[in-house]
1. Quick one: work out Rg over Rh on the C-alpha atoms of the range 1-72, Rh as Kirkwood radius.
2. As I understand it, the value is the acute angle between the Cα axis of helix 116-127 and the longest principal axis of the Cα atoms of the chain; what does it come to in degrees, rounded to 10?
3. Using all Cα-Cα distances in the range 90-170, what percent lands in each 10 angstrom bin from 0 up to the longest?
4. Measuring with a 1.4 Å probe in the full set of protein chains, what accessible area per residue, in whole Å², belongs to the chain?
5. Select from Pro47, Pro135, Pro109 the residue whose mean-square fluctuation is largest in a Gaussian network model of the chain (Cα-Cα springs shorter than 10 Å).
6. Compute, for the chain, the length of the dipole vector about the Cα centre, with Cβ point charges of +1 (Lys, Arg) and -1 (Asp, Glu) only. Units Debye, rounded to 20.
7. Counting helices only, and only those DSSP H runs with n ≥ 4, report the 222 nm mean residue ellipticity of the chain as the sum of -39,500 (n - 2.57) divided by its residues, in deg cm²/dmol to the nearest 500.
8. What whole number of Å gives the distance from the Cα centroid of the range 87-128 to the Cα centroid of the range 11-60?
Amino acid sequence: MEKKQAMMVSNYLERWNESTSTTYELNKLDTFNDTLTQFHQWANGKPIISAFEVAKLGQDSYFFLFIDWHRNDNYYLVIYAHDKSTTIAELNRTIDEDGATLLSWKYNPLKRDGKNYIRKSYFKQTFGTTTMTIPLPTSILNTETFLDQIYKLCHNRIRADRIVEIFEPT
């Protein structure tokens with residue numbers, strides 16, 4: 001995603017958070033010289049626009065980083081698990097569709113247990129496709145919808161990753 005797009009979404013999140021939300025709580029993380037320090041080895045020192053801890057009532061919290069993930073001027077929304085142990089999703093691809101800009105993300109499990117075909121099949125069967133598209137917010141009015149869709153993506157990802165713990169093929 002372009003830097004200006006990442007800045008726009010970050011700005012909407014910050015402004016929306018200042019309004020009255022009863023569903024989500026956002027806490028902006030401190031940065032130093034536009035980088036994070038003492039966060040995670042994969043993120044520390046990389047150019048960052050902003051980072052938030054995002055909590056939804058009754059669900060897990062995540063960290064949202066608007067970051068130049070590969071230091072090539074291509075910004076990502078990287079979503080870390082609440083314990084910072086791993087990333088849940090790394091979104092950077094945008095597509096324009098019917099005048100709207102959407103983030104496009106494809107489920108592609110990379111576990112090393114030989115069961116990724118089960119995960120991918122489950123994701124596609126349950127959610128209809130392995131690709132999710134999420135419209136970027138265009139104002140603070142549709143920021144909560146954006147957050148809802150990001151949370152859905154995270155939930156779907158985690159559920160598909162864990163399906164082999166529930167279902168073992170014979």
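1. Radius of gyration relative to Kirkwood radius: 0.98.
2. The angle comes out near 70 degrees.
3. 17, 44, 26, 11, 2
4. So the chain comes to 57 Å² accessible per residue, rounded to a whole number.
5. Pro109
6. Values: 20 positive and 21 negative charges, 133 e Å.
Dipole size: approximately 640 debye.
7. Numbers: 3 runs with 52 residues, N = 170.
Value at 222 nm, helices only, nearest 500: -10500 deg cm²/dmol.
8. Taking the Cα centre of the range 87-128 as reference, the centre of the range 11-60 is 23 Å away.
The values are calculated or read from the model by the stated rules, or taken from the named source; none is laboratory data. Fair warning: this is a prediction, and the values are worked out from it, not measured in the lab. Cβ atoms come from the backbone with ideal geometry, glycine included; neighbour counts cover every protein chain shown. With ligands, DNA and RNA removed, areas are computed over all heavy atoms of the protein, side chains included. Shrake-Rupley method; radii C 1.70, N 1.55, O 1.52, S 1.80 Å.
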